[in-house]
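Trainee: Below is a structure I'd like to ask you about.
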Amino acid sequence: MLDVLENLSDSQYSTPVDLLSGATIGQHIRHIVEFFQELDKGYESGTVNYDRRSRSLVLEVSRSLAIRRLSEMVFAVDRADKDLALMTHLTAEDTEPLIIRSNYFRELLYNMEHIVHHMALLRIGITVLTKMSLPPQFGVAISTLQYRQACAQ
């Protein structure tokens with residue numbers, strides 16, 4: 001993802017894409033970064049709440065800031081496993097959060113899978129906005145890559 005961002009222009013980063021319901025590449029990157037930031041905060045406090053992310057408009061339009069934040073994420077995730085509480089609301093009507101027992105490795109895995117999902121959406125935006133050639137595995141889950149490899153044999 002860092003390589004992709006470094007090869008985009010600032011304009012491409014913040015241009016709405018009709019096929020993404022008007023979302024920008026920057027909005028998807030912001031979403032990814034903020035989930036990792038919430039996991040980082042939750043590691044320290046013992047409680048992860050992705051609903052509380054900051055939704056930084058600056059991160060949506062500043063490609064250079066996004067590159068810095070993604071670079072920081074790479075080094076911040078190398079931690080020991082520990083128990084965590086995940087707080088979430090399942091519906092808009094929920095007044096009290098649901099609290100689910102989890103752990104750091106489980107939440108890290110969730111975030112990694114979450115990135116792949118957004119990379120698949122980013123592939124659409126990048127294809128619409130640029131002539132950039134992305135690796136075939138960009139935005140494809142590991143299990144899908146393994147399945148495809150097994151089928152090819």
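The values are calculated or read from the model by the stated rules, or taken from the named source; none is laboratory data. Remember, it's a predicted structure, so these values are computed and weren't measured experimentally. Positions of Cβ are generated from backbone atoms using ideal geometry, with glycine treated the same way; all protein chains shown enter the neighbour counts. Calculation scope for accessible area: heavy atoms of the full protein, side chains included, ligands and nucleic acids excluded. Shrake-Rupley method; radii C 1.70, N 1.55, O 1.52, S 1.80 Å.
Trainee: Please go through region 122-153 and give me each residue that is in contact with a helix residue (DSSP H, G or I) (Cβ under 6 Å, 6 or more places away or on another chain), assigned to a helix (DSSP H, G or I) and buried (at least 17 other Cβ atoms within 10 Å of the Cβ), ordered by number.
Mentor: Once the filter is applied, which keeps residues that are in contact with a helix residue (DSSP H, G or I) (Cβ under 6 Å, 6 or more places away or on another chain), assigned to a helix (DSSP H, G or I) and buried (at least 17 other Cβ atoms within 10 Å of the Cβ), region 122-153 yields Leu122, Gly125, Leu129.
Trainee: Arg55 - would you say it is among the basic types (Lys, Arg) and open to solvent by less than 90 Å² (accessible area, probe 1.4 Å)?
Mentor: no
Residues checked against (1) modelled with pLDDT under 95; (2) touching a Leu at 6+ places or on another chain (Cβ under 7 Å); (3) more than 15 Å from Phe36 (Cα to Cα):
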residue	(1), (2), (3)
Ala80	no, no, yes
Asp83	no, no, yes
Ala92	yes, no, yes
Pro97	yes, no, yes
Ile100	no, yes, yes
Glu107	no, yes, no
Asn111	no, yes, no
Ile124	no, yes, yes
Val128	no, yes, yes
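A quick yes/no check of all residues on (1) more than 15 Å from the chain's Cα centre (by Cα); (2) among the hydrophobic types (A, V, I, L, M, F, W, C):
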{"residue": "Ser9", "(1), (2)": "yes, no"}
{"residue": "Ile32", "(1), (2)": "no, yes"}
{"residue": "Glu44", "(1), (2)": "yes, no"}
{"residue": "Ser56", "(1), (2)": "no, no"}
{"residue": "Ser62", "(1), (2)": "yes, no"}
{"residue": "Phe75", "(1), (2)": "yes, yes"}
{"residue": "Lys82", "(1), (2)": "yes, no"}
{"residue": "Leu86", "(1), (2)": "yes, yes"}
{"residue": "Ala92", "(1), (2)": "yes, yes"}
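Trainee: Tally the residues that are in a helix (DSSP H, G or I), open to solvent by less than 40 Å² (accessible area, probe 1.4 Å) and out of contact with any Phe, Trp or Tyr (no Cβ under 8 Å at 6 or more places or on another chain), restricting the search to region 42-52.
Mentor: 1
Trainee: Can you tell me how many residues in region 64-102 are in a helix (DSSP H, G or I) and open to solvent by 50 Å² or more (accessible area, probe 1.4 Å)?
Mentor: 6
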